[in-house]
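Colleague: Pasting in a structure now, in structure tokens, and then I'll have a few things to ask.
Every read-out reported here was derived from the displayed coordinates using simple, explicitly stated rules and does not represent laboratory data. Treat the numbers as computed from the prediction; the structure is a model and nothing was measured. Using ideal geometry, Cβ is built from the backbone for each residue, glycine included, and neighbour counts are taken over all protein chains shown.
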Amino acid sequence: MSEIETGPRTQEASSGTVSRALQLLAFIADAGGSVSVKQIAEQMALAPSTAHRLLNLLKKDGFVDSTPEGRQYVIGPQFYRVAARVVNAVSPRDIAQPVIESIANAFSETVLFGIYQPAQHALHFAARADGQQKLKYEISMNQPLSLVWGASGKAILAFLAPDVIRTIVGLEGPSPATGAMLPPAAEIEHELAQIRERGYAVSDGEKLPDARGIAAPVFGPKGVIGCICLTSPKARMPHGDIHAIGIEIRSRAAALSRDLGAPLT
């Protein structure tokens, strides 16, 4: 009888240890440097002895390592090896696809995942999901597109370094949709500041005539890496719905950013 009762408790304890060990690895990774037993214990609400035991288990297999003085802990070589294998096997596009499909189903509109291309001062759309309502215009996939015109580009541009923004704006030409020239630099910076404040960008007919875009930035470990953009004909998207859609896309983009390794805020 005692064996039957002990079995489930033993499995539960083992499961709890695994969960805590994974949480500990995530905590060290998010810390971006070395951490102490005291920091781990306080952050994870563990007894210092428990934190130390978990660290020793992970250190034994190379998932964490200790600094030379032995009082601080960092990510170990085995964790780097596993992480590198995972990163090479799964692309941001693959992780983003179910996210944009969910948004497309929720709003019955086309949603795109754009990736920032620093060398080209551009973005390209790497993934697409279509809602029930079809678009009346073509969207170029895997082609360099402007970061200055359109919500998709501005959602990325707003979160780049100021010198990079100046370089990109200085190289930009007229709107591909209307031929309009760029507004003054002060006006551009004011719009980008607004995007940073609310967390999403909106545009009307800047990249494509009669199209409206609502986009939010997606971040990785080192900064902005792309965006999620919902696009539809302007006439099909009531103006009053823009803010609600923007908030939802911002929320989904933030969750995707966490999955792609962005620092926790």
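Colleague: Any idea what the relative contact order of the chain is, in percent, if you count C-alpha pairs under 8 Å spaced at least 6 apart?
Modeller: 14
Colleague: If you filter the stretch 100-177 for GluC sites (Glu not before Pro), then keep DSSP loop positions with at most 10 other Cβ within 10 Å, what is left?
Modeller: Glu138
Colleague: With r as the distance between the Cβ atoms of Val164 and Lys134 and R0 = 30 Å, compute the FRET efficiency 1/(1 + (r/R0)^6) and round to 0.05. Don't skip to the answer; put the middle values down first.
Modeller: Details: r = 36 Å, r/R0 = 1.21.
Between Lys134 and Val164 the formula returns 0.25.
Colleague: Would you mind working out the magnitude of the charge dipole of the stretch 163-265 relative to its Cα centre, with +1 at each Lys and Arg C-beta and -1 at each Asp and Glu C-beta, to the nearest 20 Debye?
Modeller: The dipole magnitude comes to about 340 debye.
Colleague: Continuing with this model, one more query. When only Cα pairs under 8 Å and 6 or more residues apart are kept, what is the percent relative contact order across the stretch 157-256? Working shown, then result.
Modeller: Working: 126 pairs, mean separation 23.1, N = 100.
With pairs under 8 Å counted, the relative contact order is 23 percent.
Colleague: Considering the dipole of the chain built from charges on the beta carbon (Lys and Arg +1, Asp and Glu -1) around the Cα centre, which of Ile100, Ser49, Ala151 is farthest to its positive end?
Modeller: Positive-most Cα among the choices belongs to Ser49.
Colleague: Taking Cα centroids, how far is the stretch 116-145 from the stretch 157-200 in Å?
Modeller: 19
Colleague: Run the quick spin-label model on Thr178 and Val86: label points 7 Å from Cα toward the beta carbon, then report their separation in nm to one decimal.
Modeller: 4.5
Colleague: Test of understanding: given the chain, find the longest segment containing no trypsin sites (Lys or Arg not before Pro) that are in a DSSP loop and have at most 10 other Cβ atoms within 10 Å.
Modeller: After excluding every exposed loop site, the longest remaining stretch is 1-133.
Colleague: Another question, then. Label Arg71 and Ile95 with points 7 Å out from Cα along Cα→Cβ: what is the distance between them in nm?
Modeller: Result for the modelled spin labels: 3.5 nm.
Colleague: Then there is this: Lys154: which lysines have alpha carbons under 22 Å from its alpha carbon, excluding same-chain residues fewer than 8 sequence positions away?
Modeller: Filter leaves Lys207, Lys222, Lys234.
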